[in-house]
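Worksheet: the structure to be examined is printed underneath.
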Amino acid sequence: MATNAVTGPGANQALNALTNVGGTKPLDKTAFLKLLVEQLKNQDPLKPQDDSAFVAQLAQFSSLESSMTMNDKLDTMTAQLSGLANSQTTNLVGSQATVRGNLVTIDGTGNGVAVPFQLTGAADSTSITITNASGTAIRTINGGAHAAGVAQLRWDGRDDAGNVQPAGTYQVSVTAKDANGNPVAVNQQTSGTITDVSFDKGYPVLDLDTGVSVPVSDLLQVSAPPTQPNNK
């Protein structure tokens, strides 16, 4: 039996909700129920709704209500898991971390700093360029050959003339080539102590004492914080 026309103010509101399914307003169970009630109120008494069609509509309503309830529960579980993950991330404060990044910080004493990086293939030659905050390249270091994997060089905190550079954050650029002179892809890394974890961007961001801030997804390695002396 063909479906009867549905009219009336309530039906118009429900039909508007149906029309907006592909827009910004999703169809909810209230709109579906309004449409069903308006259909019953406006049907021809001499041609009532077919039993099978009516049961099918009730089944659709029940299924919609179950889906809405399930979505609400999933949203709640997601929020709880996110909160738990954020809580666990804060436990990283004080730990030593290696993250993806190309910045290093020196203290201006000439002690230098480690420059870790990862090679995707064997490199016959590597080169490190250190750039200061003004964008001037102050030091170029020949790193020699390295096997594929994690490698590390050390910058002594001096420029090419041997002058100790002031304390601050510097940019490091690592390049590598294989035996045939072809470039080898490099994933740069930096290390420091995690001083803070922020969530204002919607995901955890780690702040290091070197001035580097990276999303937690860029975290490569964590080690326990230095052991404090036990003074008794």
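No value in this document is a laboratory result; all are computed from the given coordinates. All values derive from a computational prediction rather than experimental measurement. Cβ: placed from backbone, ideal geometry, glycine included. Neighbour counts: every protein chain shown.
From most to least packed by mean Cβ count within 10 Å, the peptides 116-123, 211-218 give 116-123, 211-218. Counting 0.36 nm for each residue step from residue 185 to residue 213 and taking away their Cα separation leaves a gain of 7.8 nm. Of the peptides 138-147, 158-167, the ranking by mean beta-carbon count within 10 Å, highest at the top, reads 138-147, 158-167. P(r) tail, the range 96-223: Cα-Cα pairs separated by more than 19 Å, 51% of all pairs. Please report the net charge: other residues with Cβ closer than 10 Å to the Cβ of residue 214, K and R +1, D and E -1. Neighbour charge sum, excluding residue 214 itself: -1.
You can think of it this way: the chain between residue 69 and residue 195 has 41.3 nm of extra reach, that is 0.36 nm per residue less the Cα-Cα gap. Using θ = phi - 60° in the Karplus curve 6.51 cos²θ - 1.76 cosθ + 1.60, the 3J(HN,Hα) couplings for the range 156-167 round to 7, x, 10, 8, 5, 8, x, 7, 5, 8, x, 4 Hz; x is entered for Gly and Pro. Once the Cα-Cα distance is subtracted from the 0.36 nm per residue extended length, the residue 167 to residue 131 segment shows a gain of 11.6 nm.
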